[in-house]
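Note sheet for the following structure.
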Amino acid sequence: MAHVRLFSGERMPLEMHKVRIVQKLNLPPVEYRHQAMTEAGNNTFLLQNEDVFLDMLTDSGVNAMSDRQQAAMLIADDSYAGSATYTRLDKKLREIFGFDFFLPTHQGRAAENILAQVLVTPGSVVPMNYHFTTTKAHIVLNGGSVEELICDAGLEIDSDEPFKGNMDIDKLVACIEQNGPDKIAFVRMETGTNLIGGQPHSLENFAAMRAVCDRYGLLLVMDASLLADNLYFIKTREAACKDMSIREITRKIADLCDVMYFSARKLGCARGGGICVRTDELYRRMRGLVPLYEGFLTYGGMSVREIEAITVGLDETMDEDMINQGPQFIEHMVGALVARGVPVVTPAGGLGCHIDAMRFLDHVPQTEYPAGALGTALYIAGGVRGMERGTLSEQRDPDGNETLANMELLRLAMPRRVFTLSQVNYAIDRISWLYENRELVGGLVFTEEPEILRFFYGRLAPVTDWQDKLVRKFREDFGDSL
Ligand SMILES: *Cc1c(COP(=O)(O)O)cnc(C)c1O
């Protein structure tokens, strides 16, 4: 356990690794940050990375690798077919998860493409705890639809429910009865539910889903991209599992599903993905699509160096000292912000800290994108880059009206083993300062609005000169500090 108790009685996360390669960071002055944000069209996706101090945009493909992963990359066996590197990954997957078949893909969404093409038919339904953007897109593209059956607590910002990612089992049964089992393409569980704040499900809930799938003869598919965090939460929050090892918990979860797919940009701390399959029959139905979309069956679009890193990364994921780092840093950040009265999603999940912009900026209407505005303000206040997850990330309806999101969140992702605690404390300080000065923060308006994926490429402007006022207040309060 890497949470230490201090003499004061407080608990503090303690890094169980040391840093051996570093990358220099820049923290440009606040006036420069304001200018950079203007040039980026007030869209954090359009900032230049060299202008960003703490990049909390995402945890995808940006987690730190270990010395063992780096070393393994040197022994990668470059060959199109029959690579020893691939055999090592295949063996490691069997050892940890116990599936007989594996299909490599270049990242998680490519696994979703193959699964959806094979399993989803026009008019079919995929019940799930919650959708992920790319998952839903692939299901819809193949003529299916998504039914989100998350437990009620999952959509509450403030909660003490330890497993907000749980599926509502009664709703699952009702959904199957209503549509008829023949209409259900498969049932999907997303571990570490991404879009509701990296919230976990319990082992007990997953077992209950298995029982329902057995009753109706349905396939149970797990999206294991965020499994590492979920394993940690099961170990620390589910009483029945507290004496089990991470390996044992992993195997219990894997044994419950027919198919498990993952993005190795998250699970395994490298870049790639794949699908683990229980039966030969299903494996054969999917196999043909790998060479078509990904690459030959022994690399699936991944470089052999990344495959070596994934193999070691998966092995290291079975180490509690490794997987606790993200959740413990996030818990530290969430706890400190709650103590300062800042509205955040609770309890702390995996993935990152999610600020509730709807409450933080309750004077900014949703049509002026409070989460997006808060993202620009935090970059100006501290050089910290987050990701808007609210109305800005939605699409307008066919008549051009705004689709208002259920939640307005500013996500501050916590790439694993990348930041130090003092960097996180700095982010907490700048967020707290912004909260004290929240009345200075105003909304945004589009100056250039693409029709699709507007949050990636769109350009915006502040509705008033509120950002200039924010810069002036920063100078008043912090003097010539960065
Ligand atoms: C990131 C993610 C994906 C997609 O994986 P990519 O490697 O980014 O394509 C799918 N599901 C979940 C839950 C994810 O977090």
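Counting only other residues whose beta carbon sits under 11 Å from that of Pro365, what net charge do I get with K and R as +1, D and E as -1? That sum, taken over residues with Cβ under 11 Å, equals -4.
With a 1.4 Å probe and all protein chains left in place, how much accessible area per residue does the chain have, in Å²? In whole numbers, the chain has 41 Å² accessible per residue.
First measure r as the distance between the Cβ atoms of His17 and Ser159, then evaluate 1/(1 + (r/R0)^6) with R0 = 35 Å and state the FRET efficiency to the nearest 0.05.
For R0 = 35 Å, the calculated efficiency reads 0.65.
Computed over every Cα-Cα pair of the stretch 226-370 and binned at 5 Å starting from 0, the pair-distance distribution P(r) comes out as 2, 8, 13, 15, 15, 14, 11, 10, 7, 4, 1, 0 percent.
Rounded to 0.05, the FRET efficiency of the Arg472 and Asp321 pair, given R0 = 41 Å and the Cβ-Cβ distance, is 0.35. Computed about the Cα centre, the dipole magnitude for the chain is approximately 1100 debye when only Lys and Arg (+1) and Asp and Glu (-1) carry charge, each at its Cβ. Between Leu54 and Val384, Arg385, the built amide H atoms are under 5 Å apart, and every one of these is 5 or more places off in sequence or on another chain. For a straight C-alpha distance cut-off of 15 angstrom, the aspartates and glutamates reachable from Lys171 (same-chain residues fewer than eight places away being disregarded) are Glu147, Glu148, Asp152.
Length gained on full extension, Arg396 to Phe7, computed as 0.36 nm times the residue gap minus the Cα-Cα distance: 134.7 nm. In the stretch 67-319, taking the dipole from charged Cβ atoms about the Cα centre, the farthest positive-side position among Gln70, Ala211, Ala81 is held by Ala81. Per residue, the Cα convex hull of the stretch 146-228 amounts to 91 Å³.
Using the Cα coordinates of the stretch 83-214, the gyration tensor eigenvalues translate into equivalent-ellipsoid semi-axes of 26, 20, 15 Å, sorted from longest to shortest.
3J(HN,Hα) along the stretch 79-93, derived from phi through the Karplus expression 6.51 cos²θ - 1.76 cosθ + 1.60 where θ = phi - 60°, amounts to 7, 5, 10, x, 5, 5, 4, 5, 4, 5, 5, 4, 5, 5, 5 Hz, with x in place of Gly and Pro. Within the chain, the proportion of C-alpha pairs whose separation exceeds 35 Å stands at 33%. 3J(HN,Hα) couplings calculated from phi for the stretch 406-419 with the Karplus curve 6.51 cos²θ - 1.76 cosθ + 1.60 (θ = phi - 60°) are, in sequence order, 5, 10, 10, 10, 9, 8, 10, 5, 10, x, 6, 6, 9, 9 Hz; Gly and Pro show x.
From the protein chains alone at 1.4 Å, what is the descending order of accessible area for Lys242, Lys473, Lys91, largest first?
Lys91, Lys242, Lys473
Summary value for the stretch 67-319: 30 percent relative contact order, contacts being C-alpha pairs under 8 angstrom separated by 6+ residues.
Here the simple spin-label model places points 7 Å from the Cα toward Cβ, and for Arg340 and Arg237 these points are separated by 2.4 nm. Amide H to amide H distances under 5 Å link Ile150 with Asp168, where only residues 5 or more positions off or on other chains count and H is placed in the peptide plane.
Each peptide in 104-113, 69-78, 337-346 receives the mean, over its residues, of other Cβ atoms within 10 Å, and ordering these scores from highest gives 104-113, 337-346, 69-78. Just so you know, the Rg over Rh for the stretch 394-482 is 1.04, from Cα atoms, with Rh as the Kirkwood radius. Net charge in the neighbourhood of Glu402 (other residues with Cβ under 9 Å of its Cβ; Lys, Arg +1, Asp, Glu -1) is -1.
Residue ranking by accessible heavy-atom surface, 1.4 Å probe, largest first, among Asp229, Asp258, Asp480, Asp158 comes out as Asp480, Asp158, Asp258, Asp229.
What part of the accessible area of the stretch 327-423, given as a whole %, is carbon or sulfur when the probe is 1.4 angstrom?
Using a 1.4 Å probe with all protein chains present, the stretch 327-423 comes out at 49 percent carbon and sulfur.
Max-minus-min Cα coordinates of the stretch 346-465 on each principal axis give 47, 30, 25 Å, with the largest extent listed first. Each eigenvalue of the Cα gyration tensor of the stretch 67-319, multiplied by 5 and square-rooted, gives one semi-axis; in descending order these are 29, 22, 15 Å. When a/c reaches 1.5 or more, the comparison of a/b and b/c decides; with that in mind, is the stretch 165-206 rounded, prolate or oblate per its Cα gyration tensor? It is prolate, given that a/c is not under 1.5 and a/b is the larger ratio. Could you please state how large a percent of the accessible area of the stretch 67-319 is carbon and sulfur, counting protein chains only and using a 1.4 Å probe? The computed percentage sits at 50.
The values are calculated or read from the model by the stated rules, or taken from the named source; none is laboratory data. Only a predicted model underlies this, so the values are computations on that prediction, with no experimental measurement involved. Counting neighbours? That spans all protein chains shown, and the Cβs are built from the backbone with ideal geometry, glycine included. The area values use the complete protein model at the heavy-atom level, side chains included, leaving out ligands, DNA and RNA. Shrake-Rupley method; radii C 1.70, N 1.55, O 1.52, S 1.80 Å.
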